[in-house]
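Sending over a structure as structure tokens; questions will come in a sec.
Just so it is clear, none of the values below were taken in a lab; they were calculated from the coordinates. Quick caveat, the model's predicted, so the values are computed rather than measured. Here the Cβ positions follow ideal geometry from the backbone for every residue, glycine too, while neighbour counts run over all protein chains shown.
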Amino acid sequence: MSKPDRLGASFRDPSGFLFTRDGRLYRQVNHLYAAEYDRLMTSGLYDRLVKAGMLIPHREVDLPPAEPDLAYKVIQPESVRFISYPYEWSFDQLKDAALTTLTLQRRALKAGMSLKDASAYNIQFFEGRPVLIDTLSFETYREGLPWVAYRQFCQHFLAPLALMTHRDVRLGQLLRIYIDGVPLDLASRLLPWRTRFNLGLFTHIHVHAAVQARFADRPIERPKAQAGMSRQAMLGLLNSLETTVRGLKWKPAQTEWGRYYEMTNYSDAAFEHKKRLVAEWAGKLEPKLVWDLGANTGVFSRQAAGAGAYVVAFDIDPLAVAQNYRQVKEAGEKNILPLMLDLTNPSPSLGWDNRERDSLAERGPADLVLALALVHHLAISNNVPLPQLADFFAGIGRWLIIEFVPKSDSQVQKLLRSREDIFPHYTREGFEQSFGRRFKIHAAVQICESERMLYLMERL
Amino acid sequence: MFVFVAGLIDKSPYLDPGSGSFLLQLLIAGIAGLGVFIGAQWGKIKALLTGKKVTKEDEDDETKDE
């Protein structure tokens, strides 16, 4: 048995921590948290939440703890196939995670417990739905006390959702800068003045920010007569937060929806040919984890998912990711996770010691990477030389299905229209030579009715 | 007579709830609680008028949560 390895993100809460041993993930429950853990398990709350698909299931295991002096129990949570972060979620994913958090708190209250944190990072997408992965987030509810996690909920969920709705959907990226959520004074300054007429946003963002500033670093005195916050008041607060969150809707121009594949320049036959090849190759390889880079709305992701893989479908376009997530929800798909990602600047390692949130590469490698209609964007729009592209792909996955779009293609012509062609090596030969250094090319097929090539490669 | 809000916490949470955030909740507690109270009463009145019994599910809103 190998030495336990404590996870870099798991240090804030003294209730316990995550560690890996022999490649498996475990959570140590500390003595400090014993009573709360037992309450979660015996009150029926755990069973109800797991049954409702809102809490990650776990089992208690008889394994040596990572820190025996502190240990009460060791539990093994069911594994989440791919850890994603709120700055990679579409608007609706963040909104669903927010609503799940509020529902968890409401259900916890019914069982005499309360969430002691409301971090968006405690929510992961598991079988297509947002679930709480931190089993140690519950504490005994003490009537009279306000919600300890209220501020965190507003920073992690409400503020970014409000900014995405009322200012610009790209402001969700502020979560990447502010590890503990968007500061409320910043949200208040960035939100349009009219949001003060929205009772929920006025209260939970604008007034909240003002009160925070007023009482920063000051203990608050208040009349004893008003002491305490009743259970009813807590439920009222949760209702108010829920109404506010539900009222936030990102409305992209309707005309843009569903037009992705109408905007392509190749025929139905070419499209079907490409789908068939992806399904056939993925079927042969039987990959467990597939990363579809530049997945758009996930048409090809679904070909790979059909072969039994868990597919993370990345795209830079919030609209495409939103549409993909909508499909996942509507069809109840359990093995596709749509995420937002700018490949020219992928998610970095973040947080304390740069170890709290993993970079994209640290969450790999994938068994199979799909890079369809992508290379020209990276090589021409972002000027990445082909050998460096090959290095990148070799670093993130074993198998690669990649499409080469030649210069003669109208999509590439479009990219070159407004700039000088400084890409003499961007040719089929140049591509094969560059990728041939890092990969063994198993198949190269010209997509019918097009000049595009589809390759199946294996890392050397 | 005055007390410190911080004194309300007999066991420190690992998160700093923020003085302002605590105070704001206490300020809106009354209003929010009143809303829930009125909502509950209204439900009962409606049930009385329509003759429809308030079921267990209505009281605990697990169905609403789904």
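Quick one: Debye curve from the alpha-carbon atoms of region A:263-459 only, equal weights, vacuum; give me log10 I(q)/I(0) at q = 0.14, 0.15, 0.19 Å⁻¹ to two decimals.
-0.81, -0.94, -1.52
Using only the Cα atoms of region A:1-126, build the gyration tensor, take square roots of its eigenvalues as a ≥ b ≥ c, and label the shape rounded, prolate or oblate: rounded if a/c is under 1.5, else prolate if a/b is larger than b/c, else oblate.
oblate
What does the structure give for A:152-160 when I average, per residue, the other chain Cβ atoms found within 10 Å of the residue Cβ?
1
Next up: Output the pairs from A:LYS251/A:LYS334; A:LYS414/A:LYS440; A:LYS288/A:LYS407; A:LYS95/A:LYS116; A:LYS3/A:LYS334 with a Cα-Cα distance over 22 Å in this structure; if there are none, say none.
As for pairs spanning more than 22 Å Cα to Cα, those are A:LYS251/A:LYS334; A:LYS414/A:LYS440; A:LYS288/A:LYS407; A:LYS3/A:LYS334.
Across peptide A:373-379, what mean number of C-beta atoms from other chains lies inside 10 Å of a residue's C-beta?
The shielding value for this peptide is 0.
Identify all aspartates and glutamates with a Cα-Cα distance to A:LYS249 below 17 Å; exclude those on the same chain that are fewer than 8 residues away in sequence.
Once the sequence-local aspartates and glutamates are set aside, what remains near A:LYS249 is A:ASP92, A:ASP96, A:ASP168.
Give me B:PHE22, A:PHE197, A:PHE314, A:PHE126 ranked fewest to most by other Cβ atoms within 10 Å of their Cβ, as a rough exposure proxy.
Ascending Cβ contact count within 10 Å gives the list A:PHE197, A:PHE126, B:PHE22, A:PHE314.
Right, another one. Got a sec? How would A:VAL245, A:VAL445 order by Cβ neighbour count within 10 Å, fewest to most?
Least crowded to most crowded, the residues run A:VAL445, A:VAL245.
Ok, one more. Counting only other chains, and only Cβ atoms inside 10 Å, what mean value do you get across the residues of A:204-216?
4
A:HIS442's amide H: which non-local residues (gap 5+, or another chain) put their own amide H closer than 5 Å, with H modeled 1.01 Å from N in plane and none for Pro or chain starts?
The answer is A:LEU456, A:MET457, A:GLU458.
While we're here: If you scale each eigenvalue of the Cα gyration tensor by 5 and take the root, what three semi-axes come out for region A:391-460, rounded to whole angstrom and sorted largest first?
Values for region A:391-460, descending: 23, 15, 10 Å.
Sticking with this one: Would you mind classifying region A:83-180 by shape? Square roots of the alpha carbon gyration tensor eigenvalues, ordered a ≥ b ≥ c; an a/c under 1.5 is rounded, otherwise it is prolate if a/b is larger than b/c and oblate if not.
prolate
Going by how many other beta carbons lie within 10 Å of each one, how would you line up A:ASP353, A:ASP315, A:ASP47, fewest first?
Fewest-to-most ranking of A:ASP353, A:ASP315, A:ASP47: A:ASP353, A:ASP47, A:ASP315.
Okay, moving on. In whole angstrom, and with the biggest value first, how far do the Cα coordinates of chain A range along each principal axis?
79, 59, 38
Still on this structure, I have one more. Pick out, from A:THR244, A:GLY298, B:GLY30, the residue whose Cα sits farthest towards the positive end of the charge dipole of the protein assembly as shown, with +1 on the Cβ of Lys and Arg and -1 on the Cβ of Asp and Glu.
B:GLY30
What shape does region A:88-246 take by its C-alpha gyration tensor, where a ≥ b ≥ c are the square roots of the eigenvalues and a/c under 1.5 counts as rounded, a/b above b/c as prolate, and the rest as oblate?
oblate
Report the extension gain between A:ILE316 and A:ILE422 in nm, rounded to one decimal, defined as 0.36 nm multiplied by the number of residues separating them, less their alpha carbon distance.
Full-extension gain reported as 35.7 nm.
So who's got an amide H within less than 5 Å of the one on A:LEU337, skipping anything under 5 residues away but keeping other chains? H placed 1.01 Å off N, in plane.
A:VAL311, A:VAL312, A:ALA313
Given Cα pairs under 8 Å that are at least 6 residues apart, what percent is the relative contact order of chain A?
11 percent
How much length is gained on full extension from A:ARG355 to A:ARG196, taking 0.36 nm per residue of separation minus their Cα-Cα distance?
Additional length available on full extension: 53.5 nm.
Right, here's the next one. Place a point 7 Å from the Cα of A:THR243 along the Cα-to-Cβ direction; which residues of region A:170-200 have their backbone N under 13 Å from it?
A:198-200
I want the antiparallel fraction of DSSP beta bridges within the protein assembly as shown, as a percent rounded to 5.
Antiparallel: roughly 65 percent of the beta bridges in the protein assembly as shown.
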